[in-house]
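Before any comments, here is the structure.
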Amino acid sequence: MQRFSVSVDDELENWINNMADERGVSKAKVIRDAIETARLTGLVRSDDIEPADAEPLLDRIESLETRVKALEAGQNYDDSADSPRESLVSNFERQLHGQPPEEDHVKEAVVQVFSLLLSEGQLSTGDLKDRLSDEFESHYRNKDSMWQSVQRHFDEIPGIQKVGRGEWKADPDAVDDEFSGLTEWDSS
């Protein structure tokens, strides 16, 4: 194990001391756990982290600590609503407020496309049409008119990218949210 000397600001020092006291562990253990948590959740890519990114990272670590405490106390904690993936989908949906598409069913379909692409990776137009048709085709004459109504908004909304003829993928880096810069998503 390597030793490092690290300087931190007063706020971070207080957080480390408080976490160590609450958990009954050393400050070094708190720091190691925080770094490991950030690495495992994909919040840190060591070659891309900027000093300005530290605040959202600390907020995320605090959120994870709260979840752990709730679970340890036997309280019911809904972690799916607080996962990075769900937060990203919520932030993507927030981008749609006040801009086209205006119809609720089209907005829902656009969000579902982003969610599918985020979960499953690159998908073809045919796959997306099939996945959307059960829920949304009733608003249209057929699958093709449904798809045309939905996909025409992709250029206006950051987060969905056409990567080839009839191929689409999620672009999480384009979504305006606190998790920008992440490239690895756990689709489970």
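Looking only at the stretch 154-173, count every residue that is outside any strand (DSSP E or B) and in contact with a strand residue (DSSP E or B) (Cβ under 9 Å, 6 or more places away or on another chain) and tell me the total.
Summing the residues that are outside any strand (DSSP E or B) and in contact with a strand residue (DSSP E or B) (Cβ under 9 Å, 6 or more places away or on another chain) in the stretch 154-173 gives 5.
Does residue 67 fit the bill of being modelled with pLDDT under 75, under 30 Å from residue 112 (Cα atoms) and in a helix (DSSP H, G or I)?
In short, no.
Kindly indicate whether residue 87 is exposed (fewer than 15 other Cβ atoms within 10 Å of the Cβ), of a type in the set (Gly, Ala, Ser) and either modelled with pLDDT under 80 or in contact with a Pro (Cβ under 8 Å, 6 or more places away or on another chain) (or both).
no
Take the stretch 19-51 and flag every residue that is part of a loop (DSSP other than H, G, I, E, B), on the phi < 0 side of the Ramachandran plot and at pLDDT 85 or above.
Within the stretch 19-51, 25, 26 qualify.
If a residue must be of a type in the set (Asp, Glu) and part of a loop (DSSP other than H, G, I, E, B), how many such residues does the stretch 1-18 contain?
Count: 1.
The values are calculated or read from the model by the stated rules, or taken from the named source; none is laboratory data. Here the structure is a predicted model, which means the values were calculated and not measured. All Cβ positions, even for glycine, are placed from backbone atoms using ideal geometry, and neighbour counts span all protein chains on display.
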